[in-house]
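A short write-up of the structure that comes next.
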Amino acid sequence: MKLPSLNIQILLSAIFGVAIGLYFHALSGGNPATEPYVVQSGLYVSGLVGTLFIDLLKMILIPLVFCSISVGIANLRQHQQIHRVWITTLAFFLFTMAIAITLGMMASLYFKPGSGLQIHMFSNAMQTFATTQLSPTDFISQFLHGLFVNPFKALSEGNVLAVVIFALFLGIALVMGGERYKNILSMLQEAQEITMRIVGWIMVIAPLGIMALLIKLVATQDAAMIGTLAKFMAVVIGTTLLHGVVILPLLLYLIVGKSPLWFWRGAREALATAFATSSSNATLPVTMRCATQNLNVKPEIAGFVVPLGATVNMDGTALYEAAAALFIANLVGIELDFTQQLIVFFIAMIAAIGAPGIPSAGMVTMVLVLQSVGLPAEAIAILLPIDRLLDTLRTTVNVQGDMVGSLVVQKLTLKELT
Ligand code: ASP
């Protein structure tokens, strides 16, 4: 019997995952203490399979990032080209994050989620939540400090951003050394091919992994909390979708001339993986594969833009951080003036850039946004129960932004490359 294509398998498994998750949720009434045996064992197996899938992706992540960036940069050859790619990439990342934040803030100001609720309704949750102080200046210096790390330490600890930076230096050194380092370059090139081959094997179990992750996610949601925060969730989901379904495809169409359907066909493996894992980092191997193999981005561009984007370019996270700050302001009954809104805008961007591409990272860096305008950081506790659910969509849009970014950068710098 011939199996359907990987894309179809992944989409079907995502649908089955959500359906089985809902069924388990209904069986246990959302209460883990009264779960029937079938749900318990189902959740155990899906937890195991889902974690194994993420482990496999993480296993290949660091070697892949290291080789792709150094080889990618080395293949850009001239300094001028690196310069142009670098500037265009950062400009695009900042531009799309700014649009996302604007959308999130405008919708929050218009719909005012949280204004009917009061913060004392959540005092129990907030009491059990300890926050650490994080000032914007400390955060920025911590972030910058984390960029330059002993590469062996960064590689062994899976510190993606520091690996990206070291690989960048290595790539530039390879360019400047030219013929002299040709052996190291071809070794890295071969290593990169090997890592992509292994990604191909991991993708064989992607449908199972995605289904398992979604079963666990849907079955263990807290329905009562979702009801209370429904309006806020609707604003976040609506604007995130608007960004992912309208804004990014529009930019892609205007700049690159490619249709949304064409993009969706090439990108869906990565989008589904991002949705199920809620981690841009874990999805990175799949994102690279989609960008280079399906969307025809040259490896030297994808090798640079995609891994960098996975940790700094987070449209969904930026939007969420800004919308959540305004939501909490409504809860505590504080009207933010224009200057405070501007502060939220910029700090949300810094917080999104600084958030690592792992599940719920945006929640941690949100402390920064809240504190910057004097909102209570403990209020994050209110959002924690719904975070895993919202993280699915914002990670998907984060990853989409990286792929769109690689296509845009390729288009805008192509003349230099040929
Ligand atoms: N989970 C997101 C990501 O990996 C980060 C976040 O929590 O917003 O892209």
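The values are calculated or read from the model by the stated rules, or taken from the named source; none is laboratory data. All of these numbers come straight from a predicted model, not from anything done at the bench. All Cβ positions, glycine included, derive from the backbone under ideal geometry; neighbour counts span all protein chains shown.
Being within 21 Å of PHE92 (Cβ to Cβ), within 16 Å of the ligand (Cβ to nearest atom) and of a type outside the set (Val, Ile, Thr) is a property that ALA361 lacks. The C-beta contact set for region 376-399 (first residue touching a residue at least 60 places away in the same chain (Cβ under 8 Å), second residue charged (D, E, K, R) and within 11 Å of the ligand (Cβ to nearest atom), distance under 6 angstrom, 6+ apart or interchain) comprises VAL397/ASP315.
The selection criterion, being over 30 Å from GLY178 (Cβ atoms), at pLDDT 85 or above and in a helix (DSSP H, G or I), holds for ILE10. Residue-level analysis places GLY405 among those that are in contact with a Phe, Trp or Tyr (Cβ under 6 Å, 6 or more places away or on another chain), under 30 Å from TRP264 (Cβ atoms) and in a helix (DSSP H, G or I). When residues in region 371-381 are screened for being away from the ligand (no atom under 13 Å from the Cβ) and part of a helix (DSSP H, G or I), 6 of them pass.
Pairing each residue of region 264-286 that is away from the ligand (no atom under 12 Å from the Cβ) with any residue that is among the charged types (D, E, K, R), provided the two are 6+ apart or on different chains, yields C-beta distances under 7 Å for VAL286/GLU269.
For GLY29, the conditions (1) within 30 Å of ALA324 (Cβ to Cβ); (2) of a type outside the set (Phe, Trp, Tyr); (3) modelled with pLDDT of 90 or more; (4) surrounded by fewer than 17 Cβ atoms within 10 Å (Cβ to Cβ) are fulfilled apart from (3).
For GLU190, the test of being without any contact (Cβ under 8 Å) to a residue 12 or more places away in the chain, acidic (Asp, Glu), farther than 21 Å from VAL65 by Cα and part of a helix (DSSP H, G or I) is failed. When each of ILE140, ILE73, ILE82, ILE101 is tested for being in a helix (DSSP H, G or I), of a type outside the set (Gly, Ala, Ser) and modelled with pLDDT of 90 or more, the lone residue that passes is ILE101. If you go through region 290-342 and keep only what is farther than 30 Å from GLY200 by Cβ, among the acidic types (Asp, Glu) and modelled with pLDDT of 90 or more, you end up with GLU321, ASP337.
The condition of being away from the ligand (no atom under 11 Å from the Cβ) and either without any contact (Cβ under 8 Å) to a residue 40 or more places away in the chain or buried (at least 24 other Cβ atoms within 10 Å of the Cβ) (or both) holds for only one of ALA355, ALA322, that being ALA322. If you check LEU384, LEU389, LEU368 for being out of contact with any helix residue (DSSP H, G or I) (no Cβ under 6 Å at 6 or more places or on another chain), more than 9 Å from the ligand (Cβ to nearest atom) and under 16 Å from PHE327 (Cα atoms), only one passes: LEU384. Restricting attention to region 332-352 and to residues that are of a type outside the set (Val, Ile, Thr) and buried (at least 23 other Cβ atoms within 10 Å of the Cβ), the residue that is farthest from the ligand (Cβ to nearest atom) turns out to be ALA348. Scanning region 254-301 for residues that are within 20 Å of the chain's Cα centre (by Cα) and of a type in the set (D, E, K, R) yields a total of 4. The listed residues are ILE172, ILE205, and the only one of them that is of a type in the set (Val, Ile, Thr), touching a residue at least 60 places away in the same chain (Cβ under 8 Å) and under 30 Å from ALA26 (Cβ atoms) turns out to be ILE205.
Selection over region 289-318 of residues that are within 10 Å of the ligand (Cβ to nearest atom), in a helix (DSSP H, G or I) and of a type in the set (S, T, N, Q) gives a count of 2.
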